[in-house]
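The values are calculated or read from the model by the stated rules, or taken from the named source; none is laboratory data. Note that this is a predicted model, so its numbers are computed, not measured. We place every Cβ from the backbone using ideal geometry, glycine too, and count neighbours over all the protein chains shown. The protein model used for the area step is the full one, side chains on, heavy atoms only, and it has no ligands, DNA or RNA in it. Shrake-Rupley method; radii C 1.70, N 1.55, O 1.52, S 1.80 Å.
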Amino acid sequence: DQFLLGDEILVAPICTETSRRTVYFPMGIWTDFRTNQVHAGRQTAEIEAPTGELPLFVRNGSILPLAGDEPGGPMILHYLPKLAAEFLLYEPDTYDYSQFHASPALDLMRLEIESRKARTYEWIVHHLPEVREVRTGETVFTRVSEGRSLRPGAWYYDQEQTNLHVMVEVPASATRVTHIAF
């Protein structure tokens, strides 16, 4: 009663009247998408979820693109590091693929978007230590103190979740490489 969606998303519905269940995590490191809790692979764990909510776990080393909450809002790119990741997204209007790449390297992290459409993106990078600087090329991004102040060219560090949020605007057929320094 649990299954993989591709090899990067583990779905574990709760099919009983309780709000708890046991989940087997395959090889890898898995993050609970709702709580940001990490689970090691090749073991089982007892999980809990509110009634009516579907427990989802994302394998670290993945990029998960999602539409934003608001129409016309940014596309959200969740990256769960420890390993490099890439994702190709087919853009029907252009008959081409936008590409997303992310990789950690010592005290830096590299986030790359090759967008076929003009679009605003919000990177959410999970499980990071405190960030020192975010930049694209020579442009240093502005740190904002809360998530609702996020805008293109700005970043926000959520200390409670240890997630970094970075907003990037990319013109059609352009590439933007963002570097994060710790």
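Odds and ends about this structure:
Matching residues to (1) within 25 Å of Y90 (Cα to Cα); (2) in a strand (DSSP E or B):
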{"site": "L111", "(1), (2)": "yes, yes"}
{"site": "W123", "(1), (2)": "yes, yes"}
{"site": "H127", "(1), (2)": "no, no"}
{"site": "V131", "(1), (2)": "no, no"}
{"site": "R135", "(1), (2)": "no, yes"}
{"site": "Y157", "(1), (2)": "no, yes"}
{"site": "Q161", "(1), (2)": "no, no"}
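- Selection status of E70, more than 17 Å from the chain's Cα centre (by Cα) and free of Cβ contacts under 8 Å to residues at least 12 places away in the same chain: yes
- Residues in the stretch 39-59 that are open to solvent by less than 20 Å² (accessible area, probe 1.4 Å), in contact (Cβ under 8 Å) with a residue 40 or more places away in the chain and under 16 Å from H126 (Cβ atoms) were compared, and the one that is farthest from the chain's Cα centre (by Cα) is F57.
- For the stretch 4-19, a residue qualifies if it is assigned to a strand (DSSP E or B) and either at positive phi or open to solvent by 60 Å² or more (accessible area, probe 1.4 Å) (or both), and the qualifying residues are L4, L5.
- When each of R143, R132 is tested for being open to solvent by 80 Å² or more (accessible area, probe 1.4 Å) and either within 22 Å of R34 (Cα to Cα) or without any contact (Cβ under 8 Å) to a residue 24 or more places away in the chain (or both), the lone residue that passes is R143.
- Members of the stretch 163-182 found to be of a type outside the set (S, T, Y), open to solvent by less than 60 Å² (accessible area, probe 1.4 Å), assigned to a strand (DSSP E or B) and out of contact with any His (no Cβ under 6 Å at 6 or more places or on another chain), listed by number: L164, H165, V166, M167, V168, V170, A174, V177, I180, A181
- Yes/no for L150 being of a type in the set (A, V, I, L, M), loosely packed, with under 15 Cβ neighbours inside 10 Å and either at pLDDT 95 or above or under 18 Å from the mean Cα position of the chain (by Cα) (or both): no
- Look at the stretch 99-120: where a residue is touching a residue at least 40 places away in the same chain (Cβ under 8 Å) and among the basic types (K, R) and a partner is part of a loop (DSSP other than H, G, I, E, B) and surrounded by fewer than 16 Cβ atoms within 10 Å (Cβ to Cβ), sitting 6+ places away or on another chain with Cβ atoms under 6 Å, you get R116/T94; K117/A172.
- Of all the numbered requirements in (1) open to solvent by 60 Å² or more (accessible area, probe 1.4 Å); (2) closer than 26 Å to A12 by Cβ; (3) touching a residue at least 24 places away in the same chain (Cβ under 8 Å), E86 misses one, and that requirement is (3).
- Flag if S115 is of a type in the set (G, A, S) and open to solvent by less than 10 Å² (accessible area, probe 1.4 Å): yes
- Any hit, the stretch 65-81, residues being assigned to a strand (DSSP E or B) and small (G, A, S): no
- Residues being assigned to a loop (DSSP other than H, G, I, E, B), of a type outside the set (S, T, Y), without any contact (Cβ under 8 Å) to a residue 24 or more places away in the chain and more than 20 Å from V125 (Cβ to Cβ) are entirely absent from the stretch 28-37.
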